[in-house]
Every structure is written in structure tokens, then in C-alpha cells.
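These notes are about the structure you will find just below.
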Amino acid sequence: MQNRAFAVLEIKAADDSSGKRRFSGIATTPTADRSGDIVEPTGAKFKLPIPFLWQHDSGDPIGWIDKATVTAKGIEVEGEVASIEDEGELKQRLTKAWQMLKNKLVKGLSIGFNSIEHSYIDGTYGIHFKVWEWLELSAVTIAANQEASITAIKSADMASQAASGQKRAQPFVRIPAGVSANPVRKGVVYINPKG
């Protein structure tokens, strides 16, 4: 069963010096999310590169995370949205994903992970994930973590933006918003660290 923890995406800058679609940001922090869950950054177990997906869809990869620095305050990441030369649907999909991130239409980051060691937080429905296996990072439309964000975008198309005048830049079942429901802890699992 895969857990998910969400974060806000904030684009502050772009730089085309590398000729690649690079970004950096914060994948997760130790602050309790809207569901009361805590994902401990120092408990992350992972091997780079980590897949970068679109909306947690394993059939829709858009790039990779190739640097992750773990601290008690959070996990700083660097990654890249793939860019391909071949014309076709894949090139269009990757370009669309990059444009949505770059133009702040998709503002969320979300970690996908499996719990290795966790405990329940007394007096709440929250879970403290102490040790966890990091499986993927995703760009998502709706985020829950106010502290985790993309902090910089480094793009191969900065010159075209400048020319246009644009500036840079224990698990629970998800229930419908506004619905009172018993937070049953089984089924599809999501964790929401701030958004």
C-alpha cells in the first residue's frame, strides 16, 4: 500500500544555462499535515534517481529526481523534466507538463512512499511515519503541504519567456471534500503534508 504526502510548488526563477528543464525544491517537511500525519524527513530510505511522475500516475513519468539532501527540516530535491527531440505525443505531453509547472498552473509536489515504521499520534487520527521507503515524487494539481515547494525552475526556454515579457520564476482512505465520514484506515492511502 503506497502512502502519499503533498507539498506546495512555488516557482521563483528560471535559468537556461544548462539547456535542460531543471528545478529544485522541498519534497517534504516534518510538520503535521492537514490530516494530522507527520512524515519524518530523516526517516527516508531511497536510491537516486527517483521517478518524477505526473499526478502519481506510474504510467505517466515526466522526469526524475537526481539529487536529494535530507535534513531534519525537510528534503531538498533537484530534478529534471525530460525533454526529447522526437516529434509526437510524448514530446507534447512532456512539454505540456513543463509549461504547467513553469506557469504555476500545477503547484503541487507529492511524495509516494511505503511505511516501514510508524506510530499513531495520541488523541488524533494522525500517523507519525518514522521510517519510510521513498518510491516517487509527483507533480500534482492539489497540494496539502504549505512548507514544501519547488523553489527554482531552470529552463531551456528562458530566452523565449524573456522575449515575451514573462517573469520567472496510519494511512487513511481519501473521502470527498465536505463529507463527514469515518476515517477508515484501509484502501487507497494518502498522506497530506501541507498545502
Exercise. Within region 65-78, is even one residue at pLDDT 95 or above, touching a Phe, Trp or Tyr at 6+ places or on another chain (Cβ under 9 Å) and closer than 15 Å to Gly112 by Cβ?
Worked result: yes
Exercise. Mind checking whether some residue in region 111-127 is crowded, with 22+ Cβ neighbours inside 10 Å, modelled with pLDDT of 90 or more and touching a Gly at 6+ places or on another chain (Cβ under 7 Å)?
Worked result: no
Exercise. Going through region 102-125 one residue at a time, which ones are under 23 Å from Ala44 (Cβ atoms), touching a helix residue (DSSP H, G or I) at 6+ places or on another chain (Cβ under 9 Å) and not in a strand (DSSP E or B)?
Worked result: Lys107
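Quick check on my filter: what residues within region 9-29 are modelled with pLDDT under 85 and either basic (Lys, Arg) or touching an Asp or Glu at 6+ places or on another chain (Cβ under 7 Å) (or both)? Before you say what the answer is, go through the steps one by one.
From region 9-29, those modelled with pLDDT under 85 are 9-19, 24-26; that's our starting set.
Hits for region 9-29 are Lys12, Asp16, Ser24, Ile26.
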Exercise. Which of (1) of a type in the set (S, T, N, Q); (2) in a strand (DSSP E or B); (3) at pLDDT below 95 is the odd one out, the single condition Gln99 does not satisfy?
Worked result: (2)
Problem set entry | Residue ID - modelled with the lowest pLDDT, chosen from residues in region 30-53 that are surrounded by fewer than 16 Cβ atoms within 10 Å (Cβ to Cβ) and in contact with a strand residue (DSSP E or B) (Cβ under 7 Å, 6 or more places away or on another chain) | Arg34
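The values are calculated or read from the model by the stated rules, or taken from the named source; none is laboratory data. None of the values given here were measured: they were computed from a predicted structure. Positions of Cβ are generated from backbone atoms using ideal geometry, with glycine treated the same way; all protein chains shown enter the neighbour counts.
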